[in-house]
Amino acid sequence: MSSQTEGHIGQSDQELKRASQGRIEAVLSLLDTGERQIYVLHVRLLPQARTLRRRFREVDALRLMGFTPRPECPYFPYQCFYAGCYYRELGEAHDDATRQRFEEIFDKSLESLAEAIEHILAGAWLAEEIGLPLK
């Protein structure tokens, strides 16, 4: 699947791959800034009731892993509970081998990302329970 959308601040952003697993939806795109091309991972989380009462939530785990909020993401037609999607630049596009490497990373990332979020949440919630909240 490949579609062209308005990217970050009017730049060209091309969708390369889309997938979902569990509560995570993700898109791999190629952002063309005019000066360089960058692979970008966009992630949208569906909320979990168990996290709503906590200070440290899934979005905080995403931020800890280097993701940035993007409230008006063109890849998800409706706003998610957490004000849109989150994105992270993966690296510059150089050649077909680079594209293949980032597509492989994307294919592996959903399951691993869900696991990483759960581990970060578990640690943060343990810190809350002993009186050392992360926020």
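Structural remarks
- Neighbours of Gly22 by Cβ distance under 13 Å: Lys/Arg scored +1, Asp/Glu scored -1, total -3.
- Between the beta carbons of Arg23 and Ala97, assuming R0 = 41 Å, the FRET efficiency works out to 0.80 to the nearest 0.05.
- Subtracting the Cα-Cα distance of Arg36 and Ala127 from 0.36 nm times their residue separation leaves 28.6 nm of extension gain.
Bear in mind that the values in this text are calculations on the coordinates, not laboratory data. Worth saying up front: this structure is predicted, and the values here are computed from it rather than measured. Glycine gets a Cβ as well: all are built from the backbone with ideal geometry, and neighbour counts include every protein chain shown.
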